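The values are calculated or read from the model by the stated rules, or taken from the named source; none is laboratory data. The structure presented is a predicted model; accordingly, all values stated were derived computationally and were not measured. Note: ideal-geometry Cβ built from the backbone for every residue, glycine included; neighbour counts use all protein chains shown. Side chains included, ligands, DNA and RNA excluded: accessible areas come from the protein's heavy atoms. Shrake-Rupley method; radii C 1.70, N 1.55, O 1.52, S 1.80 Å.
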Amino acid sequence: MSGKSREYGITATAICFLAMGVMMLDRLSINFLMPVLAPQLGLTNTDIGMLNAVFSIAWAVSAFLVAGWSDKLGYRKRILVPCLIGTGVFMAAGVICNTVTELIVVRTICGIFAGPLGALLYAIVADASIEGTFGRNVGIVNAGIGAIGATIGPIFITQLAAQYSWQNTFLVASIPTFVIVAAVILWIKEVEPKAVDAAIEQKGGNVYKDVMKFKNVPLCVIMNVLAIIGYMTLMIFAPMYLVNVAKLSVQDMGWVTSAMGVLYVVFSIVTTKLSDNFGRKPVMVVCIVLSLLGPLAMYLAPGSMSATWMYVLFGGFVPAVAPFVMTIIPMESVPPRLIATSMVVAQASGDLISGAIWPIIAGKIADAAGLPFMMLVVVILMAFSLVFGYFLDESNPKFRNPAKFMAS
């Protein structure tokens, strides 16, 4: 897009960083409230899994359809704004819920509006980034998940829950979303539709079929499914583990989870930057290996202080894998006309399978085998992701083999 500037790239990245974090806060807030909400509604772990599943199904289907629609129309901002507004409205609608059925309906509609946000935000970052800054900007935007969703979020939500009912907590927690709406309206530029259309029209065919012809894309889809399953398992059951197994108070659980989130922010930025200098694949492999340590300690020494510290120190490496397999590697492995599609395929597949189908299964496993066993499940999932990662081709333009990335 013509008219790019370093200043606008910084502004757009900063707003998308905040938007990504608030989006994840909206998604994860119900899990931070579970120690309060579950006893009041008499929820089982299966019910908890179901609440996460309906949100994720709506999220994944909406992301797949709306992001593709955005590519066809060539617009980002004018689709992003109503999606943000809808997310905020139905986050706030939790204030009227008194039963699990009402929560399921409200969370499903919230997921429909929230689903496309990630793809639209990364598309805006791609459009705003000048040469040589996209990888770094992706890491910064992804860090919003940790900084706000996993660091500020647990403290914010649990402290609100200590002062208000869980219903009113949903209402107050929706306010940041509307602040982001104002920022997007004021400072984010719309893309130029003709430029997007021209890129799409360079070659015909089914983009979803075409993108899967590139070896790294299906591998990243599988790895993203495994990594997001691991992350969602950790975020769904770790709060309950810390309260029920490690015997922390709800407020202390919020502080511990936030401490892990602070390190996740650091890991997300540092690992993506290191991958600019040393290659995507080797840095990602180290990241996956380190991701095994926290949940493994929680399984082997359930409830111990040392296991809690391992969760704080290494738990952030689990979500830090996502930028590699969901965004950076697939986007670098395809020609320009397939960049948005490559991310949507990886993201939607991960959300649909890991966020929709898995929570129901995971809830039943947790009811049968206990919360410490769910930490072992995270280890197994990340280990399988490591195996598939061995077969990836390096995608960093500095280090990759040109023969593996033929022009489309």
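Please compute the per residue accessible area over the chain with all protein chains in place, 1.4 Å probe, rounded to a whole number of Å². Mind dumping the intermediate values first?
Details: 15360 Å² over 408 residues.
Per-residue value: 38 Å².
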*Can you pull the accessible area of GLU332 for me, 1.4 Å probe, Å² to the nearest 10?*
40
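Any idea what the relative contact order of the chain is, in percent, if you count C-alpha pairs under 8 Å spaced at least 6 apart? Don't skip to the end; give the middle numbers.
Values: 704 pairs, mean separation 108.9, N = 408.
It rounds to 27 percent for the chain.
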*Label-reachable residues, region 41-70, where backbone N falls under 12 Å from a point 7 Å from ILE96's Cα toward its Cβ*: none
*Distance between modelled label sites at THR44 and VAL270, nm, 7 Å Cα→Cβ extension*: 4.3
*How large, in percent, is the carbon and sulfur part of the accessible surface of the chain at a probe radius of 1.4 Å?*
71
*asked:* Quick check: with the 1.4 Å probe, what order do MET305, MET374 take by accessible area, largest first?
replied: MET305, MET374
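For a test of the definition: using alpha carbon positions, the gyration tensor, and the 1.5 limit on a/c, classify region 263-402 as rounded, prolate or oblate.
Values: a/c = 2.59, a/b = 1.56, b/c = 1.66.
Oblate is the answer for region 263-402, as a/c is 1.5 or above yet b/c matches or exceeds a/b.
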*Hey, of [x] 72, 57, 42; [y] 92, 47, 38; [z] 56, 42, 35, which did the structure itself give for Cα extents along the principal axes in Å when calculated?*
[z]
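Would you calculate, for the chain, the mean residue ellipticity at 222 nm contributed by helices, counting each DSSP H stretch of 4 or more residues as -39,500 (n - 2.57) and dividing by all residues, to the nearest 500? Present the calculation step by step, with values, prior to reporting the outcome.
Details: 22 runs with 303 residues, N = 408.
Taken over the chain, the calculation gives -24000 deg cm²/dmol.
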*So how exposed is LYS364, as accessible area in Å² (1.4 Å probe, rounded to 10)?*
120
*Can you give the accessible area of VAL95, probe radius 1.4 Å, in Å² rounded to 10?*
50
*Per principal axis, descending, Cα span of region 1-81 in whole Å*: 56, 27, 15
*Could you check which residue among THR133, THR308, THR233 shows the biggest mean-square fluctuation in a GNM of the chain with a 10 Å Cα cutoff?*
THR133
